[in-house]
1. Does residue 65 satisfy being farther than 30 Å from residue 187 by Cβ and in contact (Cβ under 8 Å) with a residue 12 or more places away in the chain?
2. For the range 12-40, which residues satisfy the criterion of being part of a loop (DSSP other than H, G, I, E, B) and within 18 Å of the chain's Cα centre (by Cα)?
3. Tell me the residue from 27, 65 that is out of contact with any strand residue (DSSP E or B) (no Cβ under 9 Å at 6 or more places or on another chain), under 16 Å from residue 10 (Cβ atoms) and not aliphatic (A, V, I, L, M), please.
4. Given the criterion at pLDDT 90 or above and under 20 Å from the mean Cα position of the chain (by Cα), identify the matching residue among 72, 64.
5. Condition first: part of a strand (DSSP E or B) and crowded, with 17+ Cβ neighbours inside 10 Å. Now tell me which residues in the range 44-67 satisfy that.
6. Is one or more of the residues making up the range 114-131 in contact with a Phe, Trp or Tyr (Cβ under 8 Å, 6 or more places away or on another chain) and among the aromatic types (Phe, Trp, Tyr)?
7. Could you give me the residue pairs with C-beta distances under 8 Å whose first residue belongs to the range 202-216 and is closer than 22 Å to residue 190 by Cβ, whose second residue is modelled with pLDDT under 80 and polar (S, T, N, Q) wherever it lies, and which are 6+ apart or on separate chains?
8. So which residues in the range 103-125 are in contact with a helix residue (DSSP H, G or I) (Cβ under 8 Å, 6 or more places away or on another chain) and either modelled with pLDDT under 80 or not in a loop (DSSP other than H, G, I, E, B) (or both)?
Amino acid sequence: MGDLNAKVAKKEDGEESVIGNFGHGQRNDRGDRLVEFAISSKLKILNTFFKKKANRKWTWISPDRATKNEIDFILSSDLNIVKDVNVLNKVNIGSDHRMIIGKFQINTKLERQKLLRPKYSNINLDKLTERNHEFQLELANKFGTLNDEWREQDLDTWNQETIDIIQETALNVAGRKPKDRVSKLSDSTRKLIGKRRQMKMDSQGTDNIEYRETCKTIRKKIREDVRNYNTKMIHDTKENNRSIKKTNKKLGQG
C-alpha cells in the first residue's frame with residue numbers, strides 16, 4: 001500500500017498484533033487510521049517487524065530533500081511467510097518515493113495441499129443435525145439410483161466416490177457454515193471511528209480540539225478492545241479446552 005501519507009511510528013499498548021518493534025518516525029492521524037484498518041482487517045504492517053538502519057527505513061523525501069518519512073507499507077495477514085521488507089535504494093523511478101520490496105517464502109507443497117483439500121470441509125454441521133431426516137432421505141435416494149457397475153469398482157475408487165456422494169448431499173441439505181467474522185473492535189469503538197470520519201468530512205476538518213480528543217479516545221478504546229478480546233480468548237480456551245494452537249493464531253491476528 002503506497003502513498004498513504006500515513007506515519008505509523010512505534011507501537012502503542014494493544015497494537016502488538018499489527019505493529020512490530022521497529023516503527024519509524026512519529027505517528028500522524030493517517031497513521032492512526034492505518035493501524036485501525038490493520039486491526040479490523042487482521043493485517044500486519046510488515047515494515048515495522050524488520051530492523052533496519054534509519055537510511056533504509058524512509059520511503060518518501062520532500063522536494064527540498066530535508067524531510068524523510070516512512071509512508072509506504074506492505075501489509076499481510078501472515079507474518080510467518082515474510083522474510084524481509086526493505087527499500088530499493090539504487091532504483092531511480094523518477095519519484096519522490098522509494099520502492100519497497102518484500103521477500104516471501106511460501107511452502108508450495110502446503111499451499112498445494114490446501115487447494116486439494118475437500119471442498120466440502122466447511123459444511124454447516126449444526127444445520128445438518130437439524131435436517132438429519134431430510135439428509136438421510138436424499139442420501140438414500142442417491143444411493144438407490146446407482147447401478148451394479150458402480151458397486152463393482154475397485155475398493156479405493158468406490159470408497160472415494162461414496163465419500164463424495166455423502167459430502168455433496170450434506171452440502172446440498174445444510175449449506176456452508178457461516179464464516180467467523182469476530183472483530184477485536186467493539187461497536188462503540190467503530191461508532192467513534194465513524195464519527196471521526198464524518199468530522200473530517202465536515203467543513204471544520206481536523207484542525208479542532210474535538211477532533212483531536214476523539215482521536216485520543218479512539219486510540220485508548222482500541223487498546224482496551226484488543227486487551228479485552230485477548231483476555232476473553234484465553235479464558236474461553238481454558239474453560240472449553242479448545243486448541244491452544246488455534247487460539248494463538250487468533251491472538252496473533254489483527
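1. Values: farther than 30 Å from residue 187 by Cβ: yes; in contact (Cβ under 8 Å) with a residue 12 or more places away in the chain: no.
No; evaluated as a whole, the condition is false for this residue.
2. Passing the criteria: 14, 15, 16, 17, 18, 19, 20.
3. Result of the check over 27, 65: 27.
4. Residue meeting the stated conditions: 72.
5. Just the residues of the range 44-67 that are part of a strand (DSSP E or B), to begin with: 44-45, 60-61.
Listed by number, the residues that qualify are 44, 45, 60.
6. No, because not a single residue in the range 114-131 is in contact with a Phe, Trp or Tyr (Cβ under 8 Å, 6 or more places away or on another chain) and among the aromatic types (Phe, Trp, Tyr).
7. The qualifying pairs are 211/204; 212/206.
8. Of everything in the range 103-125, those that are in contact with a helix residue (DSSP H, G or I) (Cβ under 8 Å, 6 or more places away or on another chain) and either modelled with pLDDT under 80 or not in a loop (DSSP other than H, G, I, E, B) (or both) turn out to be 104, 118, 120, 123, 125.
The values are calculated or read from the model by the stated rules, or taken from the named source; none is laboratory data. Not measured: the values here are computed from a predicted model. Backbone-built Cβ (ideal geometry, glycine too); neighbour counts: all protein chains shown.
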